[in-house]
């Protein structure tokens, strides 16, 4: 689910575009390929196919081209998992979906902490799948597949690979806490999921990037680095939506890292 | 050449956003604005039925000696009204830009309730970037 700003839409044209695409898909759906092939074949068989063999192949090619419109993309389940170029989704559609996700969640919680926890849980479900897909894409064709066993390379790959797979761009910085040895931070100056979200003043401490924190938590868990991940707003003059993803590692991870040195 | 103000009127005729950019129009109370927006909504509904041949988009511009009122109606019934000086030319493009900003910052914001007054910070910021800070 790479969210990439592909075009700036003008709202009117965007909605019309959607409508037409829906219509075109329903028309192709209503004429089920197998049924319509049969019906046209039986119609034309009376006139020429039955009597002349030479015209049959040309009829087949004509049918073949008319039932596969060139612009029709294959079903999402039939697409190649490793082709990332065509797997981009509309950023607008994603923003509307995420907005509904937040509204839905907000109706079912009491308090900001609860809301963040739920968004985290939703992100966790994404993260599990992202890790699996990423590993498959990177190591699936390799003769000696490997996985990250040390924390810092794993953190680097989250900063670049995971962010690219999910948001289409790497995160902006990684920092290590000075006070606590078990705390690391991933910083995004302009998180795409928060681009159009304005949090009201009475909920100032809410960060919708808790969703991203959930993704990071799942990836870390999957790689064997259990941690608690939270999101915090850290706006600057230049980047009003700057967000810090705070990773608090479990003790066992630090102890293991110590042993592997 | 001046842009005096911007209104957003919801599909029921309620004023959900009102902002002033330059002096030049009479100072009105917020209640007056609500009444004016409601009246405009009514007039627009009448003008859209006046056409003798088929349906009409309704009034698009009201012009006077000292100001011009440009109305942009969206497919969903929301109206954007830009009040400018009569000489102002590119109002249509400006209104389309406002609609762009509205659909991005307001409609995609989970903390905005449709048909309710717009209290979205990002909308204010982007409108300021487009027309300059409030007067």
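Determine the distance separating the Cα centre of segment B:13-64 from the Cα centre of segment B:95-119; give it in Å without decimals.
19
Is there a simple number for the mean count of other chain Cβ atoms within 10 Å of the Cβ of residues in B:113-120, and what is it?
For peptide B:113-120, the averaged partner shielding equals 1.
Per residue of A:94-106, what is the mean number of Cβ atoms on other protein chains within 10 angstrom of that residue's Cβ? Please list the in-between numbers first.
Details: counts 1, 5, 4, 1, 2, 6, 2, 1, 3, 5, 1, 1, 2.
Per residue, the average neighbour count from other chains is 3.
Between residue B:61 and residue B:75, what is the label-point separation in nm under the 7 Å Cα-to-beta-carbon projection?
2.6
Divide by every residue of chain B the summed helix terms, -39500 (n - 2.57) for each DSSP H run of at least 4, and state the resulting mean residue ellipticity at 222 nm, rounded to the nearest 500 deg cm²/dmol.
Taking each H run of at least 4 residues, the total per residue is -9500 deg cm²/dmol.
Provide, in order from the shortest bin, the percent of all Cα-Cα pairs of segment A:88-260 in each 5 Å bin, continuing until the bin that contains the maximum pair distance.
With a bin width of 5 Å, the distribution comes to 1, 8, 16, 22, 20, 15, 10, 5, 2, 1, 0.
Using alpha-carbon pairs under 8 Å, 6+ residues apart, how would you state the relative contact order of segment B:3-131 in percent?
On the way: 174 pairs, mean separation 31.7, N = 129.
Over segment B:3-131, the number comes to 25 percent.
Beta carbons within 10 angstrom, averaged per residue: use that to sort the peptides A:168-175, B:13-20, A:103-110, A:73-80, highest first.
Ranked from most to least packed, the peptides come out as B:13-20, A:168-175, A:103-110, A:73-80.
If you take the Cα Rg of chain B and divide it by 2.2 N^0.38 Å, with N the number of residues, what do you get?
My calculation over the Cα atoms of chain B gives 1.02.
Computed from the coordinates by the stated procedures, all read-outs in this text should not be read as laboratory data. Here the structure is a predicted model, which is why all the values come from computation and not from measurement. Please note: Cβ atoms are built from the backbone with ideal geometry, for glycine as well, and neighbour counts cover all protein chains shown.
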